[in-house]
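*Asks:* The structure is given below, and queries will be raised subsequently.
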Amino acid sequence: TWTTEAFVEEAIREVRARVGDKRVLLALSGGVDSSTLAFLLHQAIGDQLTCMFIDQGFMRKYEPERLVKLFKEQFHINVEYINARDRFLAQMTGVTDPEEKRKRIGREFIRVFEEESKRLGPFDYLAQGTLYPDVIESADTNVDPKTGERVAVKIKSHHNVGGLPDDLCFKLVEPLRRLFKDEVRKVGRSVGLPEEIVNRHPFPGPGLAIRILEEVTAEKLNILRDADYIVRQEINQRGLYHDFWQAFAVLLPVRSVGVMGDQRTYAHPIVLRLISSEDGMTADWSRVPYDLLETISNRIVNEVEGVNRVVYDITSKPPGTIEWE
Ligand code: XMP
């Protein structure tokens, strides 16, 4: 019978046997999979593990700081923080098409990853938080006929990344490859990952860049980050975080007329997307109390400059999608 403890013990043994005294690189996103993997590997090989955290500038308010602090200061895991905000933002200039945004972010991620892994390296192994469903999805990658382990390098597809250049050659370490998501959470808990990460809402790889409709600018990122932060504050304060599959704000490019004091305003609307779902494939908008909507709306309009209207998205998936881009 499968137990989390037995799995962790066996995984640690396997990783140690495979890696020996070599160095392992891990691209840390802060999501459940890569975080669980980082904690597991840290237990197995300690400082032979280097986590690379690339800040593309599209994360939620305070997230990069919190993540680095948690991993480095609280758990003493090797994390290299890479501030790549400017170059990702430069990639967004003039881009309005959602898929083009994803493509450019994915490409830039590869470039940064390549440069930084050369600078920090050499590394013999690349650790990936590949799960069982990912393995099935990309069954084509090279498999070692003896061990059955995947040896080719391919970054997880949901990072929206095509693959690494041929000259960047790593052997793979994928200890989560036989697990489903709920099992990963159990493993995460068992290796000491804090509950706030174990049970965190899904967050898309391209982040806020696909929640700012049309062109992404520094100014719009600041507006959305502040509005999104208020949404989370109010939800957390009421203890409602786990009532939602995801809960976030979207910034629209249109402007509408409003009034503030005796001044006419002409500014952007924020959309609230508060949804419940089992798996993200279908979703429903949440029937939240009006006073929650009222507080969020008042706070955003009063506290976030550049926003003068808040609307609530009452579209299910299907026919809507969870994200707006
Ligand atoms: P949609 O918008 O398709 O989203 O209903 C379904 C789930 O997928 C997430 N999502 C993404 N995750 N990269 C990601 O890593 C992406 O480009 C992306 N687009 C959507 C979305 O947040 C939801 O959980």
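*Asks:* For a quick size check, give me the Cα extents of the chain along its three principal axes, largest first, whole Å.
*Replies:* For the chain, the Cα spread along each principal axis is 73, 43, 39 Å.
*Asks:* Right, next: Figure the gain on full extension for Asn222 and Glu305 (residue separation times 0.36 nm, minus the Cα-Cα span) and round it to one decimal in nm.
*Replies:* Value of the extension gain: 28.9 nm.
*Asks:* For segment 309-325, in order, what is each residue's ³J(HN,Hα) by Karplus, 6.51 cos²θ - 1.76 cosθ + 1.60 with θ = phi - 60°, in whole Hz (x at glycine and Pro)?
*Replies:* Those phi angles translate into 7, 10, 10, 10, 7, 10, 10, 7, 10, x, x, x, 9, 5, 7, 8, 10 Hz.
*Asks:* Okay, next question. Using a 7 Å offset from the Cα along the Cα-to-Cβ direction at both Glu9 and Val259, what is the distance between the two label points in nm, to one decimal?
*Replies:* A separation of 7.2 nm, rounded to one decimal place.
*Asks:* How high is the relative contact order of the chain, in percent, counting Cα pairs under 8 Å that sit 6 or more residues apart?
*Replies:* 17 percent
*Asks:* Another question, then. Quick check on my link table: of Lys69/Lys186; Lys103/Lys171; Lys69/Lys317; Lys101/Lys186; Lys22/Lys61, which ones sit more than 30 Å apart, alpha carbon to alpha carbon?
*Replies:* Values: Lys69/Lys186 23 Å; Lys103/Lys171 25 Å; Lys69/Lys317 36 Å; Lys101/Lys186 34 Å; Lys22/Lys61 36 Å.
Those over the limit are Lys69/Lys317; Lys101/Lys186; Lys22/Lys61.
*Asks:* Let me ask something additional. Name all residues of segment 18-39 having a backbone nitrogen under 18 Å from the label point set 7 Å from the Cα of Arg119 along its Cα→Cβ direction, giving them as ranges.
*Replies:* 25-29
*Asks:* Counting only Cα, what are the radius of gyration and maximum Cα-Cα distance Dmax of segment 266-320, in Å?
*Replies:* 12.9, 39
*Asks:* Now, a different point. Taking 0.36 nm per residue of sequence separation and subtracting the Cα-Cα distance, how much length would be gained by fully extending the chain between Asp86 and Tyr132, in nm to one decimal? Can you show the working numbers first?
*Replies:* Numbers: separation 46, 0.36 × 46 = 16.56 nm, distance 3.49 nm.
Stretched fully, the Asp86-Tyr132 segment lengthens by 13.1 nm.
*Asks:* Residues of segment 284-325 with the amide nitrogen closer than 13 Å to a label point 7 Å from the Cα of Tyr266, along Cα-to-Cβ, please.
*Replies:* No residues fall inside that zone.
*Asks:* Taking every pair of distinct Cα atoms and averaging 1/r, then inverting, what Kirkwood hydrodynamic radius in Å comes out for segment 77-135?
*Replies:* Values: mean 1/r = 0.0728 Å⁻¹.
Averaging 1/r across every pair of different Cα atoms and inverting gives 13.7 Å.
*Asks:* Apply 1/(1 + (r/R0)^6) to the Cβ-Cβ distance of Glu63 and Ala17, taking R0 = 51 Å, and write down the FRET efficiency to the nearest 0.05.
*Replies:* 0.90
*Asks:* Amide H neighbours of Val173 under 5 Å, at least 5 residues apart or on other chains, H built in the peptide plane: list them.
*Replies:* Result for Val173 returns Leu126, Ala127, Gln128.
*Asks:* Could I ask something else about it? Name the long-range amide H neighbours of Leu131: under 5 Å, sequence gap of 5 or more, or other chain; modelled H, no Pro or chain starts.
*Replies:* none
*Asks:* Now a separate question. Using the Cα atoms of segment 211-312 to build a convex hull, what is its mean projected area in square nanometres? Walk me through the intermediate numbers first.
*Replies:* Details: hull surface 27.8 nm².
Averaging across all directions leaves 6.9 nm² for the Cα convex hull.
*Asks:* Could you list Met59, Met92, Met260 so that the one with the fewest beta carbons within 10 Å of its beta carbon is first and the one with the most is last?
*Replies:* In increasing order of surrounding Cβ atoms, one gets Met260, Met59, Met92.
Values quoted throughout were computed directly from the atomic coordinates according to the rules given, and no laboratory measurement underlies them. Values in this document were obtained by computation on a predicted structure and should not be read as measured data. Please note: Cβ atoms are built from the backbone with ideal geometry, for glycine as well, and neighbour counts cover all protein chains shown.
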